[in-house]
């Protein structure tokens, strides 16, 4: 009901603003937002000899939604922002299936023309090792033709660039100087990723706080020195648990630019360390004990070369992450592999739980996570085993090479991301895992090459991950996963693009999954064998009015084959329609 | 302590920074335009959309005092409410926006409050009256295409496929609906009703609610027009929301010349009727329509075939034919002849017809369509409501004699095949009053005769000569006469309008040319409603209404267990009210009604009481 009150006030406020002064409305209140109509129909494809009389043969869903962003500028440099979501389920008539929610609320502005502040829903990013929303598997599995799905997943989960959506206060300000140093920049924030809530009548979890700050010194145009700090902690008195988290992370970096005509050589060194422990106040004497303490450092060097016209860049670097380096806000994954899938969570006469597959990673917005995890989240080594927690993945030591080439008229665009890593210490053995990864993409824009007015492009994506460990029969492991994607786009009429695509994924070999307790302490290993093939074929029609205004109709054929008695194969067909409009 | 110390350090650090800022403030330059590091996203003003709001506020205070109730009444005889129980907006806020890319979007906020106490639990949720819509247009050399998604949107394409029930504007305008628009002055509403003497009001009620994707193609090559929707209507629905249930339809029209057009219509409706989607209930319709105009005459003919099927054996192909011949220009006498034949196998619930052969296509799903149950067993309805398993015709005409205007019609209809041993009829008097006693309920009242749908109540009459399957072995014949008169006079330079509406319906076993009043009629329903509006001053009008309805059944219909006699119902309404303009776009309406529903042969069918309504309506644009 509190939210309803907010909505009432909000709406009356809009009315008030509108009726107050029509001439000043355009200046003081303005609107933008997003609207979407979506429809999906999924069909379970069964073998002819199958006698599944329990699982529905088809499922259809859809909705219309409008996110109305209201920006109110009561005075110069101040803004109150509210995002109101109206959602109407497809098939609900006359108010049935209608929801109205406040999705975001924020006040922001500049105090005395000096200090910029944001209060409410904010989107934060600091460094890759302190506060960073690593795209993880999302960076691997999206072909261009799945951008409609990607837009929905990112939008619904508030994935804005590499930022976490948090709620709290953020301030930043800077100074510029005449001598010695060019500028001094400060940034501070304090947020509450999780409020206190009850597990039972007498058991309340504590408030969780994420705070931090940055100081950046820019002596000249070539050098930038930054110091960053974040701390994720719990306030024990806001709950009834005696155990509360502390996870400070410290980070220093030096960034040097060398300008050579049309190019820049950039070098970045980042170092830091973390400490994570839980304060246990359950001792009757009142003493607080630190339990499950883990400390770790990291070192990252990258040398980057790029052309100022963005046609070429390359990065070569080295990274070392301690096995005990823990950074809550940098190691939380987007994907929660413990989430049930939305579509057909049960199949095979409702006797099998369907695990997250390639198509779910592409299309299911509900398996993605918006909350920070204080311990390492579960992974699926088949889909990502080398850097499952991004650049801050602990227990990694190795080199990486990244690059991009785009011909001046963008006829050819090539991307490369590769790395060779090994573990710092072995898990359950002295033997170390060694990793190699290669991700490459190639796109031909034939219309640019031949000067056609209609867009014709072919793009291919290939990625491979290899994990090996030697030793005895029990110690040894070998896991290979490969992915191939191919997209063809053909504009047959103005802004109408025919889409065809194929994506296949395979994983073979064996791995050990880590068993961790609630404090993230490694307690054991589960041996897992993989022999899986995922496939997605899509054809579609895209009407692209603008970059953020499009209608997309797709037909997807997808499924997974498991050469295993534990998992039953499944195949589905989907019709997907979305009309997405940026207001 | 460690934590407190850290907070202290950070605080000291911030203070030092501010001191530093103050100390060097004379030397340093602060450039808000430069982009220093910020952990938050950089905010900027993006593209903006034009948004406007229109709508109305409508307060309805309602008091009902029952002096006679049905025996199964709860014991509560007085109701004091805000609103009259139906889901209607108190504050309707219609938002309409247009993006810079010329894409329209709209939603209608519905904000209600019960005014029943200050507890938050009593505040109603903010919701939408209908839903969300997105709309855009694409123009190219092949035509203009309008694309709309969302809903609820109102759609129609032809009488046999998608078309809302059309009335002949023969109604009492004493009662006010939430949607009733405000006029400049109170009397204008009655003046307009007096002046608009057309037999057919056109599109007024002619649309159906749909959700989905709507496409319309205009100015296509070779004078083609297309329109279509794929989505859902609130009929033919599955029990499980995520199961397949879709209704799609389209129309292709070719305008051969200014006076002649032909079109093809298709409709397909399917709904899974089991949880896994093995069996479907579905019907398909294909029709052709011709529209020809002469100088003063317009002829519209639509004919087609349809087929219905479900888990049982599919019905055979059903044929349908509907024709309208009417005058197009106002003249001393204008007429409209309507002929139709709708076979029992022609099943459709989105067209301009009542379905009487397949009960299952009516949804009974909460929140979807429980409220749309319509008269099913051989409905005895007024003119302008075609019914399947029926054929017949109606002649409507209207003419003027000075300030005296008359319009009326006579219709004769017959069933094509013998049907169920039952007849249903809609009450013409006190229908809205009785429906408010038990909203959207089926088979209620002391004898379970009554069924409520939106602001109407209808009764189902059982016949005793049915076989073991509940069917009779004869055809039922229906006769209808409707007569409306309108008169305007001036008294002390003030306008007074008098309206009368007479409706007579009968159903019997044999063909008759006029309605039957004797016991040969299985059921006879006659009603008279007299409305008067009197201009007291330019801002005030007084209104009065008197309604009388008689319904009589013969011995083959339901008999009371005690009296052994059939229906002999009478319904009376006496109402008085005031319309007062309180300001520009703001009016107050007061209504006080005395109602009485009685039947000497069915002793429990006794209702009596009063209803008082105070309505304040304010429009804003």
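Things to note:
- Verdict on residue A:492 being in a strand (DSSP E or B) and over 24 Å from the mean Cα position of the chain (by Cα): yes
- Looking at B:423, B:410, just one residue is surrounded by fewer than 22 Cβ atoms within 10 Å (Cβ to Cβ), touching a strand residue (DSSP E or B) at 6+ places or on another chain (Cβ under 6 Å) and modelled with pLDDT of 90 or more, and that residue is B:410.
- Condition met for residue A:221 (within 14 Å of another protein chain (Cβ to nearest Cβ), part of a loop (DSSP other than H, G, I, E, B), touching a residue at least 12 places away in the same chain (Cβ under 8 Å) and on the phi < 0 side of the Ramachandran plot): yes
- Taken across region B:72-87, residues that are within 12 Å of another protein chain (Cβ to nearest Cβ), within 36 Å of the chain's Cα centre (by Cα) and at pLDDT 60 or above do occur, with at least one present.
- Scanning region B:545-583 for residues that are in a strand (DSSP E or B), surrounded by fewer than 20 Cβ atoms within 10 Å (Cβ to Cβ) and in contact (Cβ under 8 Å) with a residue 60 or more places away in the chain gives B:548, B:572, B:580.
- Of everything listed in (1) touching a helix residue (DSSP H, G or I) at 6+ places or on another chain (Cβ under 6 Å); (2) surrounded by fewer than 21 Cβ atoms within 10 Å (Cβ to Cβ); (3) under 21 Å from residue B:193 (Cα atoms), the single unmet condition for residue B:487 is (1).
- Odd one out for residue B:197 among (1) away from chain A (no Cβ under 11 Å); (2) under 23 Å from the mean Cα position of the chain (by Cα); (3) at pLDDT 80 or above: (3)
- In the set (1) surrounded by 14 or more Cβ atoms within 10 Å (Cβ to Cβ); (2) outside any strand (DSSP E or B); (3) within 14 Å of chain B (Cβ to nearest Cβ), residue A:229 fails one condition alone, (2).
- Scoring residue A:551 on the criteria (1) surrounded by 15 or more Cβ atoms within 10 Å (Cβ to Cβ); (2) more than 22 Å from residue A:46 (Cβ to Cβ); (3) more than 14 Å from chain B (Cβ to nearest Cβ) leaves a single failure, condition (3).
- Test: residue in region A:208-222 that is at pLDDT below 95 and farther than 30 Å from residue A:113 by Cα: yes
- Counted residues, region B:209-264 - those being touching a helix residue (DSSP H, G or I) at 6+ places or on another chain (Cβ under 8 Å) and on the phi < 0 side of the Ramachandran plot: 5
Conditions (1) at the interface with chain B (Cβ under 10 Å from one of its Cβ atoms); (2) surrounded by 14 or more Cβ atoms within 10 Å (Cβ to Cβ); (3) closer than 21 Å to residue B:92 by Cα; (4) modelled with pLDDT under 90, marked per residue:
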| residue | (1), (2), (3), (4) |
| --- | --- |
| A:1 | yes, no, yes, yes |
| A:12 | yes, no, yes, yes |
| A:16 | no, no, yes, yes |
| A:19 | yes, no, yes, yes |
| A:26 | yes, no, no, yes |
| A:47 | no, no, no, yes |
| A:51 | no, no, no, yes |
| A:57 | yes, yes, no, yes |
| A:64 | yes, yes, yes, no |
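- Positions within region B:271-297 being more than 29 Å from the chain's Cα centre (by Cα) and away from chain A (no Cβ under 14 Å), in sequence order: B:292, B:293, B:294, B:295, B:296, B:297
- Scanning region A:147-182 for residues that are surrounded by fewer than 18 Cβ atoms within 10 Å (Cβ to Cβ), in contact (Cβ under 8 Å) with a residue 40 or more places away in the chain and more than 30 Å from residue A:38 (Cβ to Cβ) gives a single hit, A:169.
- Residues considered: B:268, B:254, B:243, B:236. Of these, the only one that is in a loop (DSSP other than H, G, I, E, B) and more than 11 Å from chain A (Cβ to nearest Cβ) is B:236.
- Output for region B:137-166, where each listed residue is under 11 Å from residue B:208 (Cα atoms), surrounded by fewer than 19 Cβ atoms within 10 Å (Cβ to Cβ) and within 13 Å of chain A (Cβ to nearest Cβ): B:154
- All strands (runs of 3 or more DSSP E) inside region A:120-218 with 3 or more residues being closer than 26 Å to residue A:393 by Cα, in contact with a helix residue (DSSP H, G or I) (Cβ under 9 Å, 6 or more places away or on another chain) and within 10 Å of chain B (Cβ to nearest Cβ): A:207-218
- For region A:554-583, a residue qualifies if it is within 25 Å of the chain's Cα centre (by Cα) and without any contact (Cβ under 8 Å) to a residue 40 or more places away in the chain, but none of them does.
- Residue match in region B:98-105 (condition: away from every other protein chain (no Cβ under 13 Å), more than 30 Å from residue A:213 (Cα to Cα), part of a loop (DSSP other than H, G, I, E, B) and in contact (Cβ under 8 Å) with a residue 40 or more places away in the chain): no
- In this structure, residue A:318 does satisfy being surrounded by fewer than 16 Cβ atoms within 10 Å (Cβ to Cβ), farther than 20 Å from residue A:516 by Cβ, under 24 Å from the mean Cα position of the chain (by Cα) and modelled with pLDDT of 95 or more.
- Flag for residue A:91 being buried (at least 19 other Cβ atoms within 10 Å of the Cβ), on the phi > 0 side of the Ramachandran plot and either modelled with pLDDT of 90 or more or at the interface with another protein chain (Cβ under 10 Å from one of its Cβ atoms) (or both): yes
- In region A:414-427, the residues that are farther than 14 Å from residue A:318 by Cα reach residues that are not in a strand (DSSP E or B) with C-beta atoms within less than 6 angstrom, at least six apart or across chains, in these pairs: A:425/A:323; A:426/A:432.
The values are calculated or read from the model by the stated rules, or taken from the named source; none is laboratory data. The model shown is predicted, which means the values in this text are computed figures rather than measured ones. Neighbour counts are summed over all protein chains in view; Cβ atoms, including those assigned to glycine, are modelled from backbone coordinates with ideal geometry.
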